[in-house]
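Following: one structure in structure tokens, then a few remarks.
The values are calculated or read from the model by the stated rules, or taken from the named source; none is laboratory data. Because the structure is a prediction, the values reported are computed rather than measured. Virtual Cβ from ideal backbone geometry, glycine too; neighbours counted across all protein chains shown. When the accessible area is computed, the model is the full protein with side chains, heavy atoms only, and any ligands, DNA or RNA have been set aside. Shrake-Rupley method; radii C 1.70, N 1.55, O 1.52, S 1.80 Å.
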Number of protein chains: 2
Amino acid sequence: MRRIRAVMYGVGAMNAITTRMLLEKGVDIVGAVARSSEKVGRDLGEVAGLGITTGVLVEDDPDRVLGERSADIALIAVSSYMTDQYEHLRRCAMHGVNAITLSEESLYPWRTSPAMTAELDHLAKQNGVTLTGSGFQDTFWVNLVGLLMGTAHRIDSVAGRATWNVDEFGPELSRDQRVGNTEQEFDQWLRDADRPPTFGLNVLHALLADTGLTAAQFTLTTKPVIASKSMRSNSLNLDVPAGDVIGFTDVDEVTTREGTSLRFEMRGSLYDVDEADVNEWRIDGEPDVHVINPAVPTQLATCSQMVNRVPDVINAPPGFVTVEQLPRLRYRPHPLAQYLTA
Amino acid sequence: MRRIRAVMYGVGAMNAITTRMLLEKGVDIVGAVARSSEKVGRDLGEVAGLGITTGVLVEDDPDRVLGERSADIALIAVSSYMTDQYEHLRRCAMHGVNAITLSEESLYPWRTSPAMTAELDHLAKQNGVTLTGSGFQDTFWVNLVGLLMGTAHRIDSVAGRATWNVDEFGPELSRDQRVGNTEQEFDQWLRDADRPPTFGLNVLHALLADTGLTAAQFTLTTKPVIASKSMRSNSLNLDVPAGDVIGFTDVDEVTTREGTSLRFEMRGSLYDVDEADVNEWRIDGEPDVHVINPAVPTQLATCSQMVNRVPDVINAPPGFVTVEQLPRLRYRPHPLAQYLTA
């Protein structure tokens with residue numbers, strides 16, 4: 001039987017989990033790429049903390065790995081925005097390797113980075129490969145929402161709310177999320193900030209594309225989350241006193257010419273002891289539909305969706321194909337190669 | 001622009017709502033069929049209680065309506081089981097008219113009525129039309145569950161729970177659901193009953209087909225729901241005393257060779273004052289995923305999904321095509337004809 005050959009592009013926390021899942025689903029890992037000198041030259045299994053030797057050494061030259069290994073697909077877990085992601089996706093396309101990334105902007109980059117996306121789409125088509133952004137957002141913020149919107153006859157508004165624990169993502173992201181700022185510092189930052197596109201904006205663009213609704217006006221509102229008591233930031237090794245900032249909430253909204261409004265509120269902040277990630281959406285119209293995922297397993301579900309999407313991406317027509325266009329995600333109890341259509 | 005031509009096959013409570021929704025989505029209703037002499041000969045808008053005259057008279061001869069009107073699709077809302085549904089679907093196929101039905105067994109009839117389904121599939125292919133069973137179950141019990149199963153790397157068990165209010169469906173169904181029985185009468189009935197396939201069994205078959213899991217053993221457990229206080233049945237004009245039966249719960253379970261078990265618990269009973277329909281699923285594995293639809297709008301969402309599926313059914317390849325094979329359902333803000341691919 002045919003087997004799928006994959007390259008791990010980036011070997012951090014997420015691709016460590018993804019590596020294990022791919023091996024458990026019968027995928028051959030034929031290369032691994034990282035930049036850090038602490039990782040390069042070591043066995044992928046060791047770097048990923050899998051307790052096994054994979055026989056695959058981590059290398060630092062993505063062009064060599066992509067050019068030499070006849071991989072079917074690269075799993076990219078190295079950056080968030082298209083300005084950084086562009087070169088990685090371009091490289092995969094030029095070497096004729098399909099790619100799936102958990103880069104947030106890649107979920108639906110056609111409006112926030114139109115020129116780069118169009119160029120990647122063109123290169124992918126020229127080289128007969130598919131480029132896709134997936135991850136947690138694939139199901140929980142796009143396809144689940146699109147599916148439930150599909151049960152409505154008329155939609156007046158869609159409102160989503162998600163939370164994530166900033167302390168799970170290291171000191172850099174905690175600083176980006178303004179943990180430990182005073183309210184005054186936060187307000188100053190917000191006035192002056194030259195922020196990249198919010199993730200929520202890409203989610204709204206994906207939902208608009210999925211339904212064919214026509215955007216009228218976008219708005220973004222950003223509000224600090226204020227500690228109501230002293231809160232501990234483990235990432236920053238810092239106690240944030242009551243009254244200071246423990247993160248912020250982005251509220252992205254869009255009105256449409258059809259009269260439907262979409263709103264997505266995403267809070268990234270320190271969590272209290274008993275808090276868990278939440279995903280909740282309300283569709284108001286005829287009928288009203290409400291869906292709740294309590295205690296969503298954000299990190300694991302990011303990796304498992306990347307893995308379950310591998311056959312979809314290989315099967316898809318060439319181009320930059322966003323997840324609302326892929327087939328509805330399915331459980332993969334069998335080796336992934338069994339789900340290839342050609 | 002092309003328009004879609006539809007026949008309302010059955011003009012009861014559900015197709016009355018569906019008629020309105022189709023008209024609001026720019027579909028031409030070109031015929032309506034009913035058996036009751038109270039409906040035949042009257043205007044569809046009047047029979048459906050829409051407060052408008054549609055110019056379409058309700059007729060009693062489905063063969064003439066299907067044969068003469070060049071309809072693209074028939075929306076069938078007249079029976080639950082394949083033994084009754086067969087003749088209606090067969091008739092549509094023979095006249096070259098696509099059909100979508102809310103018949104429960106038609107959701108996935110390949111295992112519970114294999115010969116009839118195979119014959120319908122053959123006739124549909126011969127005549128170039130698609131036959132599909134949709135309704136509430138399409139998203140909430142099949143495609144939503146399949147989608148969330150698709151976010152898991154490994155699934156140990158899937159457990160769903162749904163409830164419906166038996167008092168909303170008239171006296172016949174209340175009697176079928178044993179409302180007003182003593183416990184002894186219920187037990188006697190359960191021992192002797194020659195019951196048709198449970199709806200839960202069709203749901204499990206659809207989920208097995210969706211994931212490629214291989215059934216090992218099916219079990220069905222049926223338990224009476226006992227009134228804890230006196231409860232009113234409006235359908236039967238009856239007060240059920242505490243200790244007597246107000247409905248029952250079917251628990252369908254299947255184990256699979258892959259080790260995943262699926263379980264669906266459906267309770268149809270009288271409701272207490274503050275009860276609403278619930279739909280809740282737990283997927284245990286890696287990771288655990290939990291989804292809740294509180295207060296699901298069962299009746300409206302049955303009709304809206306039938307309507308939103310119309311383009312999918314017309315677009316689908318010929319045959320008996322079950323909903324887990326159709327494209328992921330989408331919201332249809334525009335006239336339905338805009339979503340036709342050919």
Can you tell me which residues in the stretch B:71-103 are in contact with a Phe, Trp or Tyr (Cβ under 6 Å, 6 or more places away or on another chain) and of a type in the set (Gly, Ala, Ser)? B:Ala74
Please go through the stretch B:21-60 and give me each residue that is over 23 Å from the mean Cα position of the chain (by Cα) and of a type in the set (Gly, Ala, Ser), ordered by number. B:Gly26, B:Ser37, B:Gly41, B:Gly45, B:Gly51, B:Gly55
B:Glu258 passes all but one of (1) touching a helix residue (DSSP H, G or I) at 6+ places or on another chain (Cβ under 7 Å); (2) farther than 30 Å from B:Thr130 by Cα; (3) not hydroxyl-bearing (Ser, Thr, Tyr); which number fails? (1)
Please find, among A:Leu131, A:Leu147, the residue that is closer than 20 Å to B:Thr151 by Cα, within 8 Å of chain B (Cβ to nearest Cβ) and in contact with a Ser or Thr (Cβ under 9 Å, 6 or more places away or on another chain). A:Leu147
So, in the stretch A:178-198, how many residues would count as being open to solvent by 40 Å² or more (accessible area, probe 1.4 Å) and either more than 23 Å from the chain's Cα centre (by Cα) or of a type in the set (A, V, I, L, M, F, W, C) (or both)? 10
Hey, A:Ala152 within 14 Å of another protein chain (Cβ to nearest Cβ) and either buried (at least 16 other Cβ atoms within 10 Å of the Cβ) or at pLDDT below 95 (or both) or not: yes
So, first residue open to solvent by 20 Å² or more (accessible area, probe 1.4 Å) in the stretch B:51-74, second residue in a loop (DSSP other than H, G, I, E, B) and of a type in the set (Asp, Glu), Cβ within less than 7 Å, six or more apart or across chains; the pairs are none
Tell me yes or no: at least one residue of the stretch A:211-232 is at pLDDT 95 or above, surrounded by 17 or more Cβ atoms within 10 Å (Cβ to Cβ) and within 14 Å of another protein chain (Cβ to nearest Cβ). yes
Pair list, Cβ under 7 Å, 6 or more apart: the stretch A:246-274 residue farther than 23 Å from A:Gln184 by Cα and hydroxyl-bearing (Ser, Thr, Tyr), other residue at pLDDT 95 or above and open to solvent by 60 Å² or more (accessible area, probe 1.4 Å): A:Thr255/A:Ala216; A:Thr255/A:Gln217; A:Thr256/A:Ala216; A:Thr260/A:Asp156; A:Ser261/A:Glu253; A:Ser261/A:Thr255
Is there a residue in the stretch B:80-92 that is β-branched (Val, Ile, Thr) and open to solvent by less than 40 Å² (accessible area, probe 1.4 Å)? no
Pick from the stretch B:270-310, criterion over 18 Å from the mean Cα position of the chain (by Cα) and open to solvent by less than 10 Å² (accessible area, probe 1.4 Å), ranking: farthest from the other protein chains (Cβ to nearest Cβ): B:Leu270
Going by what's in this entry, would A:Asp252 be described as more than 7 Å from chain B (Cβ to nearest Cβ), surrounded by 19 or more Cβ atoms within 10 Å (Cβ to Cβ) and acidic (Asp, Glu)? yes
Considering every residue within the stretch B:28-45, establish whether at least one is without any contact (Cβ under 8 Å) to a residue 24 or more places away in the chain and within 18 Å of B:Met94 (Cα to Cα). no
Only one of B:Val145, B:Val166 is buried (at least 24 other Cβ atoms within 10 Å of the Cβ), modelled with pLDDT under 95 and aliphatic (A, V, I, L, M); which? B:Val166
Return yes when A:Val11 is under 17 Å from A:Ile73 (Cβ atoms) and more than 22 Å from the chain's Cα centre (by Cα) and no when it is not. no
So A:Val11 clears everything in (1) assigned to a loop (DSSP other than H, G, I, E, B); (2) surrounded by fewer than 23 Cβ atoms within 10 Å (Cβ to Cβ) except one condition, right? Which one? (2)
What about A:Phe320, is it touching a helix residue (DSSP H, G or I) at 6+ places or on another chain (Cβ under 6 Å), in contact (Cβ under 8 Å) with a residue 24 or more places away in the chain, open to solvent by less than 50 Å² (accessible area, probe 1.4 Å) and of a type in the set (Phe, Trp, Tyr)? yes
